[in-house]
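Chemist: Got a structure here, written out as structure tokens. Questions coming.
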Amino acid sequence: MAAGGGKSDDFQPFPVKDQLPGVDFCLSSTPSWPEAVLLGFQHYLVMLGTTVIISSIIVPLMGGGNVEKADVINTVLFVAGINTLLQTLFGSRLPVVIGGSYAFIIPTISIALSRRYSTFVDPHRRFKASMRDVQGSLIVASFFTMVIGFFGFWRIVSRFFSPLAAIPLVILTGLGLYAQGFPQLARCIEIGLPALVAVVFLSQYVPHFLKSRRGIFERFAILFSVAIVWAFAEILTAAGAYDNRAPQTQFSCRTDRSGLISAAPWIRFPYPFQWGRPRFNAGDAVAVIAASFVAIIESTGTFITASRYASATPMPPSVLSRGIGWLGVGLLLDGLFGTGSGSTASVENAGLLGLTRVGSRTVIQISAVFMLFFSVLGKFGAVLASIPLPIMAALYCVLFAYVASAGLGLLQFCNLNSFRTKFIVGFSVFMGLSVPQYFNQYLLVSGHGPVHTRSTWFNNVMQVIFSSPATVGFIVAFFLDCTHSYGHSSVRRDSGRHWWEKFRNFNTDTRSEEFYSLPANLNRFFPSF
């Protein structure tokens, strides 16, 4: 071959794709109804883990027992069902589940451990008093989020987004939750590890062995894995394998130690102000507002992931801002009903879109119906909520990885031969992992964060913001992308801005109308600019 020449069959770089190929059902399409119902139930099953984990952390600290925990879980599910329907109908219109957020745990714990409740002798009265304070803070934070979204402030910020700034955000939205993966799985390795092996084997290997049944195993690997390993855990429990083990091991491994089934009512309708009238405290509200800011950033990463796995085009800034506004409405409902924690777009459910290759909006709406149904029929919902958490952690190892890989997929829009690109991506991802590790480790060792002043609310604000990998990584990447060598002519192309330029306005690309327009011609009253 002559020097400088090339063969016709030489490998060429893969073309850049605005919409992810290989998706079986995109945002606006729907599988057959039996399949859609099973997929919706699978999404419901996946979001249960986070709901139970958050409630199990905050309710005992508030003074509540198993009865209060069961009521809070049912309330969270009920409000999550409403918020998911609102988000898919009027918000971002993406196939995202709106569920509990880890970002609100720190301010909620701070409220629960406040000295103001030291006078309460009755744990139930203490629970209701602390819950009312959490409700008031969530209501105040909801107005902050609604202003950021509906008044277009997040639209202004997102107009400066580039694929380069979005890469660390999406990667760390998934990787930042690594502590909820294998560390939780290892609490009961004899059921957690088989669950991890089962979901990987059924979703990635079996479809290649049984090509005629490929879609079944790819789409329902979660259901098959949970059913098999849950039955295995039931056998171990019934056989007495954990009878003489440590209490923590029994709680993690046994299938009869959650305390939810006996405590849950048969039928109960959650209702606003069920714990009493909300109370408002300025310091608590500021800390929860900081958590809502973290939820906005993390939800943005989840929205971007969902748009990719639903084979939709990049979200116009107006649609993203609209979705954040409805996230604020969800926070308001959290405060009115008393969920004990705020809401965010569920990361694990976004990963499930990639695992199943089904990004249908209808499937997510069906999962919202399951949330509403099982939240009212408490006993039935409690049976599913009692699945050992190491099994759910095994699922997270796969689902969070899919979200992180969606961020890696955005690298195709950037110039990977640019040293500016290498620095911004590498530095922001590293700092997004390193800074939260420092803040969390300091808190674990010292009992308080590295920012330890006399102002509790300020300490909580710093701890909430800098404990979120996605928030730290996004702040670093966004700042560097907007300031580092910004005047150079090559920066715009190196950052991939030119690929997303045609989606900056809603009407520039005709596909935006197909994916993101509001139903019933509501765009006449709520136009997207």
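The values are calculated or read from the model by the stated rules, or taken from the named source; none is laboratory data. Worth saying up front: this structure is predicted, and the values here are computed from it rather than measured. Glycine gets a Cβ as well: all are built from the backbone with ideal geometry, and neighbour counts include every protein chain shown. Calculation scope for accessible area: heavy atoms of the full protein, side chains included, ligands and nucleic acids excluded. Shrake-Rupley method; radii C 1.70, N 1.55, O 1.52, S 1.80 Å.
Chemist: For segment 117-257, what does the convex hull of the Cα positions come to per residue, in cubic angstrom? The partial results should precede the final answer.
Modeler: Values: hull volume 31.3 nm³, N = 141.
Considering the Cα atoms of segment 117-257, their hull volume per residue is 222 Å³.
Chemist: Same structure, new question: Tell me the accessible surface of residue 379 in square angstrom (1.4 angstrom probe, heavy atoms of protein chains only), to the nearest ten.
Modeler: 40 Å²
Chemist: What is the Cα radius of gyration of segment 375-489 over 2.2 N^0.38 Å, N being its residue count? Intermediate values should be presented prior to the final figure.
Modeler: Details: Rg = 19.7 Å, N = 115, 2.2 N^0.38 = 13.4 Å.
Normalised Cα radius of gyration, segment 375-489: 1.47.
Chemist: Also, I was wondering about something else. Quick one: what are the phi-derived ³J(HN,Hα) couplings along segment 298-314, Karplus 6.51/-1.76/1.60 with θ = phi - 60°, whole Hz, x for glycine and proline?
Modeler: Running phi through 6.51 cos²θ - 1.76 cosθ + 1.60 with θ = phi - 60° gives 5, 5, 4, x, 5, 4, 4, 4, 4, 5, 5, 6, 8, 6, 9, 6, x Hz.
Chemist: Now for a different question. Taking θ = phi - 60°, what integer Hz values does the Karplus form 6.51 cos²θ - 1.76 cosθ + 1.60 yield along segment 387-404, in sequence order, with x for Gly and Pro?
Modeler: Per-residue couplings from phi come out as 4, x, 5, x, 5, 5, 4, 4, 5, 5, 4, 8, 6, 5, 5, 5, 5, 4 Hz.
Chemist: Moving to a separate point now. Taking one equal scatterer on every alpha-carbon of segment 99-168, how large is log10 of I(q)/I(0) by Debye at q = 0.17, 0.24 1/Å?
Modeler: Taking Cα atoms of segment 99-168 as identical point scatterers yields -0.78, -1.08.
Chemist: Just reorder 279, 93, 126 by solvent-accessible area, largest first, 1.4 Å probe, all chains present.
Modeler: The ordering from most to least exposed comes out as 279, 126, 93.
Chemist: I would also like to ask the following. Evaluate the charge dipole of the chain about its Cα centre and quote only its size in Debye, nearest 20, assuming +1 on the Cβ of each Lys and Arg and -1 on the Cβ of each Asp and Glu.
Modeler: Its charge dipole is roughly 640 debye.
Chemist: Calculate the radius of gyration of the Cα atoms of segment 1-116 to one decimal place, then report Dmax, the largest Cα-Cα distance, as a whole number, both in Å.
Modeler: Both quantities, over Cα of segment 1-116: 23.4, 82 Å.
Chemist: Kindly point out, ordered by number, any Cys in the chain whose beta-carbon has no other cysteine beta-carbon under 4.7 Å away.
Modeler: By the Cβ distance rule, which asks for a partner under 4.7 Å, the isolated cysteines are 26, 397, 414, 482.
Chemist: I've got another one for you. How large a share of the accessible area of the chain, in percent, is made up of carbon and sulfur atoms when the probe is 1.4 Å and the other protein chains stay in place?
Modeler: Summing carbon and sulfur atoms, their accessible area is 66 percent of the total for the chain.
Chemist: Residue 271 to residue 427: extension gain in nm, 0.36 nm per residue of separation minus the Cα-Cα distance?
Modeler: Details: separation 156, 0.36 × 156 = 56.16 nm, distance 4.65 nm.
The residue 271-residue 427 span can extend by a further 51.5 nm.
Chemist: For segment 347-442, how big is the tail of P(r) above 16 Å, as a whole percent of Cα pairs? Let's see the in-between values first.
Modeler: Values: 3353 of 4560 pairs.
That tail contains 74 percent of the Cα-Cα pairs.
Chemist: Turning to a different aspect of this structure: Take the alpha carbon atoms of segment 386-430, find their radius of gyration, then divide it by 2.2 N^0.38 Å using N residues; give the quotient.
Modeler: On the way: Rg = 15.7 Å, N = 45, 2.2 N^0.38 = 9.3 Å.
Against the empirical 2.2 N^0.38 Å value, I get 1.68 for segment 386-430.
Chemist: Right, another one. Of all alpha-carbon pairs in the chain, indicate the percentage at a distance above 46 angstrom. Walk me through the numbers on the way to the answer.
Modeler: Working: 14535 of 139656 pairs.
The calculated P(r) of the chain puts 10 percent of pairs beyond 46 Å.
Chemist: A follow-up question, please. Would you check the accessible area of residue 71, probe 1.4 Å, heavy atoms only, in square angstrom rounded to 10?
Modeler: 20 Å²
Chemist: Determine the per residue accessible area of segment 179-251 with all protein chains present and a 1.4 angstrom probe, expressed in square angstrom.
Modeler: On the way: 4020 Å² over 73 residues.
Normalised by residue count, the accessible surface of segment 179-251 is 55 Å².
Chemist: Given q = 0.13, 0.18, 0.19 Å⁻¹, what are the Debye log10 I(q)/I(0) values for segment 142-213, with equal point scatterers placed on the Cα positions and solvent ignored?
Modeler: -0.73, -0.86, -0.88
Chemist: Order 498, 43, 488 by their accessible area, 1.4 angstrom probe, all chains in place, largest first.
Modeler: 488, 498, 43
Chemist: Next up: Provide the per residue accessible area, probe 1.4 Å, for segment 455-529, rounded to a whole number of square angstrom.
Modeler: Values: 3950 Å² over 75 residues.
On a per-residue basis, segment 455-529 sits at 53 Å².
Chemist: Cα-Cα pairs above 19 Å in segment 258-387: how many percent? Walk me through the numbers on the way to the answer.
Modeler: Numbers: 5179 of 8385 pairs.
Every Cα pair in segment 258-387 considered, those over 19 Å come to 62 percent.
Chemist: How big is Rg to Rh over segment 181-226, alpha-carbon atoms, Rh as the Kirkwood inverse-mean-distance radius? Walk me through the intermediate numbers first.
Modeler: On the way: Rg = 11.8 Å, Rh = 11.0 Å.
That ratio is 1.08, to two decimals.
Chemist: Can you tell me the accessible area per residue over segment 83-125, all protein chains present, probe 1.4 angstrom, in square angstrom?
Modeler: Values: 1720 Å² over 43 residues.
Normalised by residue count, the accessible surface of segment 83-125 is 40 Å².
Chemist: Once the convex hull of the C-alpha atoms of segment 82-133 is built, how many Å³ does it hold per residue, rounded to a whole number? Spell out each step's value before the answer.
Modeler: Working: hull volume 5.1 nm³, N = 52.
It comes to 97 Å³ per residue, whole-number rounded.
Chemist: Let me ask something else about it. Based on the Cβ-Cβ distance from residue 419 to residue 193, what FRET efficiency comes out when R0 is 41 Å, to the nearest 0.05?
Modeler: Details: r = 41 Å, r/R0 = 1.01.
In this case the efficiency is close to 0.50.
Chemist: Direction-averaged shadow area of the convex hull around the Cα atoms of segment 38-181, nm²?
Modeler: Working: hull surface 42.8 nm².
Average of the hull's projected areas for segment 38-181 equals 10.7 nm².
Chemist: Follow-up. Using label points projected 7 Å from each Cα along Cα→Cβ, tell me how many nm separate residue 24 and residue 204, to one decimal.
Modeler: Once both label points are built, they end up 1.9 nm from each other.
Chemist: Once ligands and nucleic acids are excluded and a 1.4 Å probe is used, how much of residue 216 is accessible, expressed in Å² to the nearest 10?
Modeler: Roughly 70 Å² of residue 216 is accessible to a 1.4 Å probe.
Chemist: OK, next. I need the calculated FRET efficiency for the pair residue 454 and residue 507, taking r as the beta carbon distance and R₀ as 60 Å, to the nearest 0.05. Display every interim value, and only then the final one.
Modeler: On the way: r = 53 Å, r/R0 = 0.88.
The calculated FRET efficiency here is 0.70.
Chemist: Given labels modelled 7 Å from the Cα in the Cβ direction, how far is it in nm from residue 383 to residue 11?
Modeler: 5.1 nm
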